[in-house]
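The values are calculated or read from the model by the stated rules, or taken from the named source; none is laboratory data. Source: prediction; values computed, not measured. Cβ coordinates were reconstructed from backbone atoms using ideal geometry, including for glycine residues, and neighbour counts include every protein chain displayed. All accessible areas refer to the heavy atoms of the entire protein, side chains included, with ligands and DNA or RNA removed. Shrake-Rupley method; radii C 1.70, N 1.55, O 1.52, S 1.80 Å.
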Amino acid sequence: MADKPSIVFAHGLWADGSCFSKLIPALQAEGHEVFASQHGLDSLESDVACVNFTLNHVPGPIVLVGHSYGGTLITKAGTHDRVGALVYIAALAPDEGETSQEQQDKFPRTPIFEHVEVVDGRVWLKPSGLPHFCGDLPEAEQKLVLATGGVPVADLFNQQVPGTAWRTKPSWYIVANNDHTVHPDLERSAAERMGAKTRAVDSSHVPMLSHPDLVLDVIREAAKSLGA
């Protein structure tokens, strides 16, 4: 048993583990073991498997943190017996039997989807989409986000695997009020449905990069709740 809970991150589309780079050093300095799952966005099943073997690697209890599509992943993988708390950052959180796409379809289409293209069976974010994804970051940081982002298979949001961890695990949710990627109304609805402790911030889709101190505070609160 570690002295403090471990923290595992799950990234979303057009991202990789580096999207948590403003959080990881602070959490490590505070004594947490921290890993970011580096899943390939090849299938929901393989992405959940990647999060699971990352969970297997760290001591429990674990705070599992998901951004965007990473919320779908922590919803599925969070049933792992050593996960004690879930933190959703501007994230999807489908119910049992509900796909990511079905959850999105209940809310207005966001501007980001006018700035994507499908090439080689993968959904690429165009540079013109950056203002709708991470527009509150400096230009150099926006370019870094684009350069390091993973590219999903086109049908990823229509895939399904079992698991709804937020039904049994305590959850926290960060709502990005100015999100043009995941609709803020979806975020508020998801947080209410899971009974999450909720914080709202005037942020783009990437509050972990634009408002890292707030996100760190929420993760710390979740970790403290585990009492390790």
### Query
If a residue has to be open to solvent by 40 Å² or more (accessible area, probe 1.4 Å) and either under 15 Å from Ile89 (Cβ atoms) or not in a loop (DSSP other than H, G, I, E, B) (or both) to count, how many in region 17-53 make the cut?
12
## Note on the structure
Those residues of region 117-134 which are surrounded by fewer than 16 Cβ atoms within 10 Å (Cβ to Cβ) and either among the hydrophobic types (A, V, I, L, M, F, W, C) or closer than 17 Å to His67 by Cβ (or both) amount to Val118, Val119
#### Entry: Of the criteria (1) within 25 Å of Arg188 (Cβ to Cβ); (2) out of contact with any helix residue (DSSP H, G or I) (no Cβ under 6 Å at 6 or more places or on another chain); (3) open to solvent by less than 50 Å² (accessible area, probe 1.4 Å), which one Ala91 fails
(2)
### Query
Can you tell which of Glu102, Glu117 is more than 15 Å from the chain's Cα centre (by Cα), over 16 Å from Gln160 (Cα atoms), outside any loop (DSSP other than H, G, I, E, B) and of a type in the set (D, E, K, R)?
Glu117
### Task
Say whether the condition of being buried (at least 19 other Cβ atoms within 10 Å of the Cβ), closer than 22 Å to Lys4 by Cβ and in contact (Cβ under 8 Å) with a residue 12 or more places away in the chain is met by at least one residue in region 102-113.
no
### Query
For the subset of region 158-202 comprising residues that are open to solvent by 70 Å² or more (accessible area, probe 1.4 Å) and touching a Leu at 6+ places or on another chain (Cβ under 8 Å), which member is farthest from Gly66 (Cα to Cα)?
Gln160
